[in-house]
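Engineer: Please find one structure pasted underneath; my questions will follow.
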Amino acid sequence: MTDRPFYFGTNFKMHQTPTESRQFVSDLHERLGSPDSVQLFVIPPYTSLVWAVEEAVDTGIWVGAQNMHFAERGAFTGEISAAMLQAAGVDMVMLGHAERRQLFGETDAALHKKVQAALRAGLRILLCVGENAEEKAFGIEAETVARQLKIALHNFRSDDLPRLIVAYEPVWSIGEGGTPAGVADVEYTARHIRATLVTLFGTAGQTVPLLYGGSVNLDNCVDYARLDLIDGLFVGRAAWQVAGYVEVFQAGFAAKTEATS
Ligand code: PEP
């Protein structure tokens with residue numbers, strides 16, 4: 001970890017109404033305020049975005065979208081463009097979440113186009129990468145994340161790096177059926193992610209925040225947060241209630257602070 005803030009956030013997936021998302025942001029701010037050296041974020045469904053954005057004004061909490069289409073406009077029923085997200089006031093768009101890749105067939109090439117479209121719209125990008133169970137079984141975690149990064153970030157200019165955050169989320173570790181990853185496994189693949197970023201961008205690749213996500217909870221967050229290579233935690237189920245969000249954040253941040261002091 002460098003002098004980057006500690007990043008902590010949650011993806012609501014297909015949960016939470018606009019009212020619930022708004023209340024979440026409000027309660028979160030009431031519980032945590034705007035702590036120094038920390039960047040909090042929430043990623044609600046599309047229908048909640050405008051309400052969450054309104055509630056997040058002046059709190060320092062970033063509101064992100066879960067996906068977007070790469071086209072600027074057109075006959076793409078059911079899709080949302082980067083410009084629409086930008087107009088809704090979101091701070092960030094998450095691209096390449098494992099469920100998008102697995103359940104909706106999102107390819108690296110499509111993600112490349114989405115990254116470019118997000119940049120054109122001036123959005124910050126949270127790019128998710130990670131191997132699936134089969135890739136892990138064959139021992140190609142490093143190759144998998146390198147391929148995902150190299151394609152998604154093809155033609156990405158170093159000048160745009162301040163708008164990029166990467167999350168390492170092993171597919172086999174995410175969601176209900178997921179197994180928490182061993183710390184050594186996270187460290188191994190995070191090292192390869194960092195190395196790929198440096199291959200792509202030289203020393204500027206060191207500046208990109210790298211988060212970890214996948215069955216993170218109160219029991220294991222401390223071990224992940226302590227890792228030097230990890231700048232923050234990206235949490236699903238364990239942070240869907242404000243109380244859980246606050247507990248996991250506080251434990252993770254305390255562990256990071258202790259590890260770096
Ligand atoms: C996720 O879906 O990005 C995630 C990390 O979920 P969970 O923590 O529930 O595994």
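Engineer: Please find, within the range 161-179, the residue that is least open to solvent (accessible area, probe 1.4 Å) out of those that are over 17 Å from the mean Cα position of the chain (by Cα) and either at pLDDT 95 or above or not small (G, A, S) (or both).
Structural biologist: Across the range 161-179, the extreme among qualifying residues is T179.
Engineer: With part of a loop (DSSP other than H, G, I, E, B), hydrophobic (A, V, I, L, M, F, W, C) and open to solvent by less than 50 Å² (accessible area, probe 1.4 Å) as the only criterion, which of V25, V63, V90, V53 stands out?
Structural biologist: Among V25, V63, V90, V53, only V90 is part of a loop (DSSP other than H, G, I, E, B), hydrophobic (A, V, I, L, M, F, W, C) and open to solvent by less than 50 Å² (accessible area, probe 1.4 Å).
Engineer: Select from the range 12-22 the residues that are farther than 14 Å from I61 by Cβ and within 16 Å of the ligand (Cβ to nearest atom) and write down the one among them that is most open to solvent (accessible area, probe 1.4 Å).
Structural biologist: The first filter runs over the range 12-22 and keeps only residues farther than 14 Å from I61 by Cβ, leaving 13-20.
Add one more test, that the residue is within 16 Å of the ligand (Cβ to nearest atom), and what stays is 13-16.
On the way: K13: 36, M14: 179, H15: 87, Q16: 43 Å².
For the range 12-22, the residue satisfying everything is M14.
Engineer: Can I ask one more? What number of residues within the range 96-107 satisfy the criterion of being part of a helix (DSSP H, G or I) and surrounded by fewer than 18 Cβ atoms within 10 Å (Cβ to Cβ)? Break it down into steps so the answer makes sense when it comes.
Structural biologist: The initial filter retains those residues of the range 96-107 that are part of a helix (DSSP H, G or I), namely 98-103.
Narrowing the set further to residues that are surrounded by fewer than 18 Cβ atoms within 10 Å (Cβ to Cβ) leaves 102-103.
Summing the residues that are part of a helix (DSSP H, G or I) and surrounded by fewer than 18 Cβ atoms within 10 Å (Cβ to Cβ) in the range 96-107 gives 2.
Engineer: While we're on this one: In the range 209-222, which residues are crowded, with 24+ Cβ neighbours inside 10 Å, part of a loop (DSSP other than H, G, I, E, B) and not β-branched (V, I, T)? Full working, then the answer.
Structural biologist: Keep residues of the range 209-222 that are crowded, with 24+ Cβ neighbours inside 10 Å, which gives 211-214, 216, 221.
Then keep just the ones that are part of a loop (DSSP other than H, G, I, E, B); that gives 214, 216.
The one that is crowded, with 24+ Cβ neighbours inside 10 Å, part of a loop (DSSP other than H, G, I, E, B) and not β-branched (V, I, T): G214.
Engineer: Right, here's the next one. Among A255, A243, A184, A225, which is the only one that is out of contact with any strand residue (DSSP E or B) (no Cβ under 8 Å at 6 or more places or on another chain), farther than 24 Å from L119 by Cβ and open to solvent by less than 30 Å² (accessible area, probe 1.4 Å)?
Structural biologist: None of the other options fit; the residue is A255.
Engineer: When you check A238 against the structure, is it in a helix (DSSP H, G or I) and near the ligand (Cβ under 10 Å from one of its atoms), yes or no?
Structural biologist: Yes; evaluated as a whole, the condition is true for this residue.
Engineer: Can you tell me which of (1) aliphatic (A, V, I, L, M); (2) more than 11 Å from the ligand (Cβ to nearest atom); (3) buried (at least 16 other Cβ atoms within 10 Å of the Cβ) is the one A195 doesn't meet?
Structural biologist: Just one mismatch for A195, condition (3).
Engineer: Here is a further query. Kindly provide the set of residues from the range 132-150 that are more than 16 Å from the ligand (Cβ to nearest atom) and open to solvent by less than 60 Å² (accessible area, probe 1.4 Å), ordered by number.
Structural biologist: Across the range 132-150, the qualifying residues are E135, G139, E141, A142, T144, A146, L149.
Engineer: Within the range 130-160, take every residue that is part of a loop (DSSP other than H, G, I, E, B) and more than 22 Å from D91 (Cβ to Cβ) and give me the one that is farthest from the chain's Cα centre (by Cα).
Structural biologist: Of the residues in the range 130-160, the ones part of a loop (DSSP other than H, G, I, E, B) are 130-132, 138-140, 153-157.
Narrowing the set further to residues that are more than 22 Å from D91 (Cβ to Cβ) leaves 130-132, 138-140, 154-155.
Values: G130: 12, E131: 15, N132: 17, F138: 26, G139: 24, I140: 22, H154: 19, N155: 21 Å.
Step by step, filter the range 130-160, then rank; the result is F138.
Engineer: Shifting gears a bit: What pairs come up if the first residue lies in the range 89-113 and is more than 21 Å from G213 (Cα to Cα), the second is away from the ligand (no atom under 14 Å from the Cβ) and of a type in the set (S, T, N, Q), and their beta carbons are under 9 Å apart, counting only those six or more places apart or on different chains?
Structural biologist: The qualifying pairs are H112/N155.
Engineer: Report, ordered by the first and then the second residue, all pairs with beta carbons closer than 6 Å, sequence separation of six or more or different chains, a first member in the range 206-220 that is more than 13 Å from G244 (Cα to Cα), and a second member that is at pLDDT below 95 and away from the ligand (no atom under 13 Å from the Cβ).
Structural biologist: P209/R4
The values are calculated or read from the model by the stated rules, or taken from the named source; none is laboratory data. Because the structure is a prediction, the values reported are computed rather than measured. Note: ideal-geometry Cβ built from the backbone for every residue, glycine included; neighbour counts use all protein chains shown. Note: areas computed on protein heavy atoms with side chains; ligands, DNA, RNA excluded. Shrake-Rupley method; radii C 1.70, N 1.55, O 1.52, S 1.80 Å.
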